[in-house]
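Report on one structure; see the data block that follows.
Each value in this text was obtained by applying a stated rule to the coordinates, not by laboratory testing. Remember, it's a predicted structure, so these values are computed and weren't measured experimentally. Glycine gets a Cβ as well: all are built from the backbone with ideal geometry, and neighbour counts include every protein chain shown.
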Amino acid sequence: MDETDMRLLDEMQASFPLERRPWDALGEMVGVPGWEVLERVRALKSEGIIRQISPIFDTRALGYRSSLVAAAVEPRRLEEAASVVNEYPGVSHNYEREHRFNLWFTIAVPPGRSLEEEVARLVSEAGIREYRLLPTIRMFKIGVQLRMGSGSIRDARQHERKQSPPLSDRDKMFVKVLQDDIPLSEEPFGAAAARLGVSQEEVLSWLRLAQESGWMRRFAAVLRHRKAGFVANGMVCWRVPDDRIEQAGVAAAAFPEVSHCYQRPTYPDWPYNLFTMVHGKSRAECEQVAKRISTAIDVKDYTILYSVREFKKERIRYFECE
């Protein structure tokens, strides 16, 4: 990758242009022709650096309930249990992490289903006897953006929104079609428009409406962290006094190395209530970031859980069972 590639990746992670010919718009941002942008993006995709370019929908705004789940699994059964968990269509991320709770996955269930019942059924099928449900109590930040270039980048942070309006059947159809990775063609929204039987202008107008309504956080490129050079993935968990949780959450979320920042419930054997995801090019880099956060929020009691294996990482498929 050269500097132009890295600038492109920074721009596309922050926000992909919602225009009929987006490559031309990106070209203006980085100073090359649109046709060259498309060639570069095709190369970055073929090399596995770009995972997907598509809408990033807000799970809760679409009516789904979700949670992080921490499970303690016997090491000899870890792969077997992870395989069963992976089969559930609402599981988007599933990692082995260095802790007694060694299997961590996120799950979302569609409207009308019980999150607690679905998780209980799933862990039973996986032979998991011990687990902790860790839903979001408060979100301080969500917005993965790996800084690739040396220049300044647009802030991709997405904070918790107000109540979003309900979706119509037409809106759900747009979500179903548009959640796919865009084709790398000159007019990438044309394929979705053809499937929906509408014009490209209608597709682009709906995407802007989805962002304004809070259904979509943003339209952006998602990178494969390791391919992009960010080989360390540390979940830093903090034990923050309840009366300081908001102050600490806001301060931790301000760090550009932090992609996610949430308040979650505690248990007698899990006292950590603030979670920050830190991505770095080494464990030492993640640990330095954690130390800086510790100083900023004045909290010394924390632990870093690194991901050892990625069992699953993919987007949730919304409304496909309806």
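Tell me the relative contact order for the chain as a rounded percent, counting alpha carbon contacts under 8 Å between residues six or more apart. Display every interim value, and only then the final one.
Working: 576 pairs, mean separation 83.9, N = 322.
Relative contact order, the chain: 26 percent.
What angle do you read, to the nearest 10 degrees and between 0 and 90, between the alpha-carbon axis of helix 283-297 and the longest principal axis of the chain?
It works out to around 80 degrees.
What net charge do the residues around SER124 carry, taking every other residue with its C-beta under 13 Å from that of SER124, with Lys and Arg at +1 and Asp and Glu at -1? Walk me through the numbers before you get to the answer.
Values: positive: ARG121, ARG129; negative: GLU116, GLU117, GLU118, GLU125, GLU130.
Neighbour charge sum, excluding SER124 itself: -3.
Determine the gain in length on full extension of the stretch GLU39-ASN86; use 0.36 nm per residue of separation and subtract their C-alpha separation, reporting nm with one decimal. If you can, show how the numbers build up before the last one.
Working: separation 47, 0.36 × 47 = 16.92 nm, distance 3.42 nm.
That pair, GLU39 and ASN86, stretches by 13.5 nm at full extension.
For the chain, what does the convex hull of the Cα positions come to per residue, in cubic angstrom?
Working: hull volume 44.4 nm³, N = 322.
Spread over its residues, the Cα hull of the chain gives 138 Å³ apiece.
Can you figure out the FRET efficiency of GLU98 with LYS281, using R₀ = 25 Å and their beta-carbon distance, to the nearest 0.05? Intermediate results must be reported in sequence, preceding the final value.
On the way: r = 19 Å, r/R0 = 0.75.
Once the sixth-power term is evaluated, E becomes 0.85.
When ranked by the protection proxy of mean other Cβ atoms within 10 Å per residue, highest first, what sequence do the peptides 70-77, 16-23 form? All intermediate terms of the calculation are to be shown ahead of the outcome.
Values: 70-77: 15.5, 16-23: 19.1.
Highest mean packing first, the order is 16-23, 70-77.
Taking a threshold of 23 Å on the Cα-Cα distance, which of the pairs LYS281/LYS313; LYS141/LYS291; LYS291/LYS312; LYS45/LYS281 fall above it?
On the way: LYS281/LYS313 19 Å; LYS141/LYS291 19 Å; LYS291/LYS312 29 Å; LYS45/LYS281 21 Å.
LYS291/LYS312, as the Cα separations exceed 23 Å there.
Within 9 Å, Cβ to Cβ, of GLN211, how many net charges do the neighbouring residues add up to if Lys/Arg are +1 and Asp/Glu are -1?
+2
What relative contact order, as a whole-number percentage, does region 1-47 give when Cα pairs under 8 Å and 6 or more residues apart are counted?
Details: 27 pairs, mean separation 13.3, N = 47.
Result for region 1-47 is 28 percent.
What distance in nm lies between label points placed 7 Å from Cα along the C-beta direction at ASP180 and ALA254?
Once both label points are built, they end up 4.4 nm from each other.
Testing the spin-label approximation: label points 7 Å from Cα along Cα→Cβ at ARG113 and GLU212. State their distance in nm.
With each label placed 7 Å out from Cα toward Cβ, I get 3.3 nm.
Checking the a/c ratio against 1.5 first, then a/b against b/c, what shape does the Cα gyration tensor give for region 1-47?
Working: a/c = 1.39, a/b = 1.32, b/c = 1.06.
Rounded is the answer for region 1-47, as its axis ratio a/c remains below 1.5.
Calculate how steeply helix 115-125 sits against the longest principal axis of the alpha-carbon atoms of the chain, using the helix alpha-carbon long axis, and give the answer as 0 to 90 degrees to the nearest 10.
70 degrees
May I ask you to derive the FRET efficiency for ARG21 and ASP169 from their Cβ-Cβ distance with R0 = 35 Å, giving the value to the nearest 0.05?
Working: r = 30 Å, r/R0 = 0.87.
Once the sixth-power term is evaluated, E becomes 0.70.
Compute the angle between helix 200-213 and the longest alpha-carbon principal axis of the chain, please, reported from 0 to 90 degrees and rounded to the nearest 10.
30 degrees
What residues have an amide H closer than 5 Å to that of ASP58, excluding those fewer than 5 places away on the same chain, when H is modeled at 1.01 Å from N in the peptide plane?
MET216, ARG217
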